[in-house]
Amino acid sequence: MMEKLSGELVLKIEIDEMYITAGEKGNKNLDREPRKRGLKAPPGRGTFEKDKPAIIVITERKHGKTKFFVPLHLNGKYIVDIFQNHIEGNIIVYHDDYPIYNCLNGFCPHFAINHSNGEYADGDICTNNAENRFSLLRPFLQNYRGISKYNLQEYATLCQFFFNERRETHDPMNILMKFLEYIFLRFFSILTFLQKYLEIFQTFSKNLMKKTKFLQNNENK
């Protein structure tokens, strides 16, 4: 969740989307012939299923906090869920002319800049900050020479972490310590999740054994 910013009556948020070619790198059990010249996706907007997933970015203008999302299915409900689950407070949203953002009608004030007509700024209406985040994300992802679409969210989140922490501090050691803390908390949350379901499984096993013994005793009688 993005930090709750105290003293702000209204948060000005930019949202934008980009599409990146990402297949199933690392998966050797594919029921198809190998591609001769690597993965080539069609131009324009794509889908996760067609190996051209979307990446959504939201960025808060004043403090620059940024977050990336990789949806399996991009639709209006997903956009609304982002704002409901990851931002606190009243918001004004700025986006391009992609019709999917009509889902914000009645949810919050929002304004569009019409890129189709060659417009990139109209007073306060623009998505320049969001596009700037993508200009940093693209070369970050290219360093890895191809990424599985199933791991794309993790790579985008890593870029998000370094960007947000860099804005907070320029001390490399401080960033490193926060990164290690982030990794530890993620690992701890996974262990907690596994422990929870292990306890459920153990309880289920005990109940099953009791029921089995009960049935066996009845049969012996």
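Numbers below:
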quantity: Within the stretch 46-147, strands (runs of 3 or more DSSP E) holding 3 or more residues that are surrounded by fewer than 20 Cβ atoms within 10 Å (Cβ to Cβ), without any contact (Cβ under 8 Å) to a residue 24 or more places away in the chain and not basic (Lys, Arg); calculated: 110-113
quantity: Test set (1) over 23 Å from ARG45 (Cα atoms); (2) more than 21 Å from the chain's Cα centre (by Cα) - GLY118 fails condition number; calculated: (1)
quantity: In the stretch 108-122, the residues that are at pLDDT below 95 and of a type in the set (Phe, Trp, Tyr); calculated: TYR120
quantity: The stretch 131-147, residues that are touching a helix residue (DSSP H, G or I) at 6+ places or on another chain (Cβ under 9 Å) and either modelled with pLDDT of 85 or more or β-branched (Val, Ile, Thr) (or both); calculated: ARG133, LEU136, LEU137, PHE140, LEU141, ILE147
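The values are calculated or read from the model by the stated rules, or taken from the named source; none is laboratory data. Given the structure is predicted, the values throughout are model-derived calculations rather than measurements. Positions of Cβ are generated from backbone atoms using ideal geometry, with glycine treated the same way; all protein chains shown enter the neighbour counts.
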